1. What accessible area, in Å² to the nearest ten, does a 1.4 Å probe give for K261?
2. Could you give the length gained on full extension between R271 and T92, defined as 0.36 nm per residue of separation minus the Cα-Cα distance, in nm?
3. Accessible area per residue for region 253-326 in Å², computed with a 1.4 Å probe and the full protein assembly in place, what is it?
4. What nm distance separates the two modelled labels at N228 and E302, each placed 7 Å from Cα along Cα→Cβ?
5. Sort out for me the Cα centre separation of region 221-271 from region 281-297, rounded to whole Å.
6. For region 267-375, with only Lys/Arg (+1) and Asp/Glu (-1) charged at the beta-carbon, what is the dipole magnitude about the Cα centre, in debye rounded to 20?
7. Could you give the length gained by full extension between A338 and D280, i.e. 0.36 nm per residue of separation minus their alpha carbon distance, to one decimal place?
8. How much accessible area per residue does region 75-193 have, in Å², with a 1.4 Å probe?
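The values are calculated or read from the model by the stated rules, or taken from the named source; none is laboratory data. Fair warning: this is a prediction, and the values are worked out from it, not measured in the lab. Cβ atoms come from the backbone with ideal geometry, glycine included; neighbour counts cover every protein chain shown. Heavy atoms of the whole protein, side chains included, go into the accessibility calculation; ligands, DNA and RNA do not. Shrake-Rupley method; radii C 1.70, N 1.55, O 1.52, S 1.80 Å.
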Amino acid sequence: MAEPHRRPFPSSACADVLICVQTSTSAGLEQILPWLFYHKVIGVSQFLLFVEGKAAKPHVAGVLESIPGVKSVYRTKELEEQQARSRIWNETWLAGFFYKPCNYELFVKQSLNMEMAIVMARDAGMDWIIHLDTDELLYPGGAAEYSVRRLLGEVPRDVDMVIFPNYESSVERDNIKDPFSEVSMFKKNYDHLPKDTYFGMYKEATRGNPNYFLTYGNGKSAARIQDNLRPNGAHRWHNYAKSPNEIKLEEAAVLHYTYTKFSDLTSRRDRCGCKPTKEDVKRCFMLDFDRAAFIIASTATEDEMLRWYNERVVWNDKQLNLKLLRKGVLTRIYAPMAIVQGLRESGVFTSVIASGQPVVSDKLSAKKTISRSQNVTRPVDVPRKLIRVNSEASARKILQANEPTIWDTAVTAVPPLSPPSFDDHHEHRQ
C-alpha cells in the first residue's frame with residue numbers, strides 16, 4: 001500500500017531531530033571552540049571528537065570534556081587494536097587507500113573513526129550523523145531560523161543521505177588570524193552554479209591554479225542513522241544492505257576554510273614526511289594544489305612562500321572579485337562570521353576554558369594517561385530501531401541526485417575530488 005502524503009512536520013517536531021557531528025582532529029582550542037559552539041548555535045546535539053596531537057593534551061582535552069554534549073575519543077593502543085579488528089580491513093571499498101602515507105593514511109583513519117562514531121551516535125539516540133573537519137562549517141541555507149536541525153527535520157523520510165555541496169573560502173588578505181571571524185567571501189560549488197557560468201568563468205576563477213577549487217569539490221554528506229550504515233570515505237556514507245537514497249541540497253552548503261592562514265602552508269608541510277619532489281608528493285597527496293603547496297613550503301624561502309601565497313590563494317584583485325561576485329561565482333556569507341564574533345564577544349570561549357580548568361587540573365595532577373580514558377567505545381553492532389522523520393522538504397531546497405555524476409562510484413570509497421575541469425568540459429563537448 002502506498003505511503004499516504006503527509007505535510008511537513010511543524011518546527012517544534014523538527015526541533016526534536018538529533019544531529020551528531022563527528023571529527024578527527026589534532027587542533028587546539030583556538031580552532032575547535034569556535035567551530036564547536038557555532039554548530040551548537042545552529043542545532044547540533046552531540047559532538048564526537050577523535051583527538052590526537054594538540055587536541056589530546058590535558059589543557060585542551062580537559063576543556064573539551066567539560067562541555068555538555070561533547071565526547072572525546074583518544075588514539076590509544078586500545079583504540080587502534082579495536083580498529084585493527086574492523087571489517088573494513090577485509091573489504092575492498094577502502095583497500096586502495098591502505099598502507100600509503102600522509103593524506104591516504106588520514107583518509108583511512110577518518111573512515112575507521114566514522115565507523116566507530118556510527119555506533120556511538122546510535123547508542124546516544126541520534127537521528128543523523130555528519131563528518132566534518134574543524135576547518136568546515138555547515139551553512140543551513142534555505143532553512144528557517146538558520147537551523148541545520150530544521151533543515152534535516154524537513155527531509156523526506158525515505159531519504160537516507162543528504163549531500164551538502166562545499167563552498168571554498170576566498171581570503172582577501174595574507175594576514176588572517178581567525179578565519180571564522182574574518183572571512184566572508186566564498187567560491188560557490190559547481191552544483192550551485194549554471195554550467196554556462198561555471199565554465200564561462202572557469203579560467204578567471206581558477207587564476208592559474210590546477211583546479212577551480214584549491215582542494216576538494218565534492219562536498220560532505222549527512223546520513224540518517226540506521227542499520228547497516230557505514231562510511232564511504234570521509235565525504236560520503238553508504239549502507240551494507242542497500243543502495244542509499246541520496247539528495248543534494250540546493251541552498252545549504254559546507255563552508256570549507258582552506259589555506260586561510262599563511263601558516264597553513266608550513267603546518268601542512270610539517271605533518272607529512274614526504275620528499276618535495278613531483279614524483280614523491282603523488283604518493284602523499286590526492287589533490288594537485290596540496291602537492292604544489294607542499295613543494296613550495298619545503299623548498300622556498302619565507303619571502304618566496306609569501307609571494308606564492310598571494311599569487312595563488314589571496315584574492316587581491318578587487319575588480320576581479322567584483323566581477324565574479326556579480327556573476328555569482330563568488331558570494332558573500334556573513335552569518336558564520338557574525339555568530340562566531342558574537343560568541344567571542346559574549347565571553348563564551350573564555351568562560352568555557354575557565355570552567356574546564358578543574359578537569360584539566362585533575363588530568364594533570366593525577367597524571368592520567370590517555371590509555372585509561374573512559375570515553376573509548378567498542379565498535380559493536382547494537383541493533384536499534386530507526387526513528388524516522390515523517391516530513392517532506394520543499395523542492396526549492398533540494399537538488400535530486402537521480403543522475404550519476406562524475407563522482408559516483410559503488411565500488412570504492414569516495415575520496416576528496418576536484419570539481420569538474422575546463423578540459424573535462426571541452427572533451428565532453430567534442
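1. 50
2. Working: separation 179, 0.36 × 179 = 64.44 nm, distance 2.75 nm.
Residue separation times 0.36 nm, minus the Cα-Cα distance, leaves 61.7 nm.
3. Details: 3900 Å² over 74 residues.
Spelled out: the 1.4 Å probe surface of region 253-326, per residue, equals 53 Å².
4. Placing both labels 7 Å beyond Cα along the Cβ direction yields 5.8 nm.
5. Cα centres, region 221-271 to region 281-297: 20 Å.
6. 340
7. 16.7 nm
8. Values: 3960 Å² over 119 residues.
Averaged over the residues of region 75-193, the accessible area is 33 Å².
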